[in-house]
Amino acid sequence: MDTLKKLFWGDESDIDLSEAKEKNVQIGEQVYVDGVPVYQDGNGAPVEQVSPLGYHVGWYGILFLNVSQMVGTGVFSTPGSILRALDSVGLSLIYWVIGFIIAAGKSSALAVYMEYASLFPNRSGGQVTYLEQAYPRPIFLFPTAYAFFTVAFSFSSSNAVVLARYIYRAAGYEAGEWANKGLAVSAYTFLAFLCLLSTRWSIRLMNVISAVKLIILVFIAITGFAVLGGRTRVKDPNANFRDSFEGITSNGNGIVNALVNINFAYQGYANAFNVVAEIKNPFYTLKRVAPISLIIVAILYVLANVAYFSAVPAKEMRESKELAAALFFEAVFGEAGKALPALVAVSAAGNIMAVIIGSTRMIRECARQGVLPWAHVWASTRPFGTPFAPILLKWALTTIVILALPFGDAFNFLVDLRSYPDSVFLFLMVVGIYYLRYRRKKEGLPKATFEAWHSALIFSAAICLFLLIMPWYPPDDGGDVSFWYATYCVVGIGLMVACGVYYYFWIHLVPRLRGYQIRTETLVSDQDGSVTHKLLRISNAEVEKWDTTHDDAGNILVDTVGPSGLGGGNSHLLKRVKLKDTTTVYVESEKV
């Protein structure tokens, strides 16, 4: 009973804010996590030795964070689009296995994430942090580019809309576009509000919902076996499996679109890496649990798709849009099955909560890097011990996208737009692990306690390149939008180039014209102990003095004053700390 309670209710590990403030002020000291020294580039977001968000994520939290983001709406909504792209039931089923291989292989079968987590075990944010540390030069380039995409595309509109559609389907109501929009916004608002009030209770609720969605998938799989055994109202359960590989498409774009949809269904296998700083003994726990979540989901995905095709004719599945699971329930249970799509809506709700929990940590980490304005506001955990501002941002953008864009081309385009830059970032993350190893070896730093295998790295890079190249291949039917099929690729690349241009103007050209340079200052909040960087404009006349008295992170080096009032000759590293925006103090932290 205690184990079951712990599984669903999570850890009770709140933090003492006074302890967080005291320890995080001293972040200039050598940081140890589980007895292992941590080294990171000074321009990265500063270390928080005590997480202001608490420690509510244990092995069960890791499992359910990954499972809940993977098992959202993809397995219930994408089988139809995958079949439509491939024109083959047999190949569609194989693709779900390939999706597992890609999910395991992309980003190095989780091994790259594991290596990064072993190097930076007290940093949340996942990819935000890892790209920052893999590519510290040019200074602020990657934090700037990633911050733009993280903030601008932090909406979760598609899952909210699917949730609304499944609720209406379960109620037997033919809802119009604005009815769907209204329910989607209302549901998302309620879930975001829960995450806003309490990290502990939002994770507890997500754990319960995640357990329910696993039960749903197991139920679908078992029902599929019953269908195949001829124990249901389905007359010919083997119809879709005869000549199942006939008519396979030869169109490269269709193949890639199917891979993108499969990738969407598996998205979230690394969600727990966004909350690493909120896990006690993070690397050891992640190493054990993260791969298990992917394996569990992959097995249930394949069995669920077999169940779908055993009950729903291929023609109906092609036209199912987001309602593949609803058609399955109705085919097997008739009128009684029309209420079962409500279970899928529950699954979508859990996915939304998992995304909010994970992605708000990414936004917070972008702010702590100093590249967002009012960094202390984004990083603050006041007043409820949650990332308040990032959650409000996600809610606002999600609401705007749902209400402002009509369902159809514009909506689908905006949802797809992030996918191309994502593939670019994933590729750079894989390559970055080699660059990081090289730099650490050159600087005489120890190897990571866990290193990704070369074969996994090569496979991951190949998958990313494939997903970057193949969308340019023209589809047979013109694609799923009325305009040019590769528009989202061009716009995605254009946005990345625009980020580079903005970076050049902001960090190099304007400072050169106005006679200053950008330097970093580390600030510790006296309210919750959160730690951020602030980018300062230092005039050219003061830069030489600044650089000789400060390190890259804004720590100041001074000579201590001995008992006689003379310089004692012992150089100490002092942490510059700004309190309440009025007082700046220096806290002695380390001899050098």
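The values are calculated or read from the model by the stated rules, or taken from the named source; none is laboratory data. Not measured: the values here are computed from a predicted model. A quick note on method: Cβ atoms are made from the backbone with ideal geometry, for glycine too, and the neighbour counts reach across all protein chains shown. To get the accessible areas, we keep the full protein, side chains included, count just its heavy atoms, and leave off ligands, DNA and RNA. Shrake-Rupley method; radii C 1.70, N 1.55, O 1.52, S 1.80 Å.
Applying both filters, DSSP loop and at most 13 other Cβ atoms within 10 Å, to the GluC sites (Glu not before Pro) of segment 128-235 gives Glu174.
Length gained on full extension, Ile400 to Arg537, computed as 0.36 nm times the residue gap minus the Cα-Cα distance: 45.9 nm.
With the simple model of a label 7 Å out from the Cα in the direction of the Cβ, Ile101 to Tyr438 spans 3.0 nm. Accessible surface calculations at 1.4 Å, restricted to protein heavy atoms, place segment 201-250 at 56 Å² per residue. Segment Trp472..Ile215, full-extension length gain: 88.6 nm, with 0.36 nm per residue of separation and the alpha-carbon distance subtracted.
Using a 1.4 angstrom probe on heavy atoms only, work out the carbon and sulfur share of the accessible area of segment 150-247 in %. Walk me through the numbers on the way to the answer.
Values: 2870 of 4610 Å².
Of all accessible area on segment 150-247, carbon and sulfur atoms account for 62 percent.
In a reduced charge model with +1 at each Lys and Arg Cβ and -1 at each Asp and Glu Cβ, segment 56-185 shows a dipole moment near 60 debye about its Cα centre. Among 443-451, 207-215, sorting by the average number of other beta carbon atoms lying within 10 angstrom of each residue, highest first, gives 207-215, 443-451. Of the residues Ser118, Gly176, Tyr135, the one whose Cα sits farthest towards the positive end of the charge dipole of segment 91-213 is Ser118 (charges of +1 on Lys and Arg Cβ, -1 on Asp and Glu Cβ, taken about the Cα centre).
In Å², what does the accessible area per residue of segment 420-553 work out to with a 1.4 Å probe?
Details: 7270 Å² over 134 residues.
Averaged over the residues of segment 420-553, the accessible area is 54 Å².
Answer with one residue from Ile167, Ile62, Val89: the one whose Cα lies farthest towards the positive end of the charge dipole of segment 61-206, charges on Cβ with Lys, Arg +1 and Asp, Glu -1. About the Cα centre, the residue reaching furthest to the positive side is Ile62. A compact globular protein would have a Cα radius of gyration near 2.2 N^0.38 Å; the ratio found for segment 138-292 is 1.40.
Relative contact order for segment 427-509: 23 percent, from Cα pairs under 8 Å spaced at least 6 residues apart, divided by residue count. Here's how it looks for Asp41: its modeled amide H is under 5 Å from none belonging to a residue 5 or more places away or on a different chain. The slack between Leu197 and Val431, meaning 0.36 nm per residue of separation minus the straight C-alpha distance, is 80.3 nm.
What FRET efficiency comes out for Phe384 versus Phe241 if R0 is 51 angstrom and r is the Cβ-Cβ distance? Round to the nearest 0.05.
On the way: r = 52 Å, r/R0 = 1.02.
That gives a FRET efficiency of 0.45.
Mind running the shape call on segment 350-460? Use the C-alpha gyration tensor, a ≥ b ≥ c as the square roots of the eigenvalues: rounded below 1.5 for a/c, prolate if a/b tops b/c, oblate otherwise. Because a/c hits 1.5 or more and a/b fails to exceed b/c, segment 350-460 counts as oblate.
Among Val67, Val346, Val234, what's the order by accessible area (1.4 angstrom probe), most exposed first? List each step's numbers first, then the result.
Numbers: Val67 0, Val346 55, Val234 20 Å².
My answer, sorted largest first, is Val346, Val234, Val67.
Among the chymotrypsin sites (Phe, Trp or Tyr not before Pro) in segment 350-446, those placed in a DSSP loop whose Cβ has at most 14 other Cβ atoms within 10 Å are Trp374, Phe384, Phe407.
Loop-located chymotrypsin sites (Phe, Trp or Tyr not before Pro) in segment 167-204 (DSSP state not H, G, I, E or B) with no more than 13 neighbouring Cβ atoms inside 10 Å: Tyr173.
Rounded to the nearest 0.05, what FRET efficiency is calculated for Asp41 and His454 with R0 set to 30 Å and r the Cβ-Cβ distance?
Numbers: r = 24 Å, r/R0 = 0.80.
Using R0 = 30 Å, I get an efficiency of 0.80.
Accessible surface computed residue by residue for segment 270-311, with neighbouring protein chains in place and a 1.4 Å probe, gives 29 Å² per residue.
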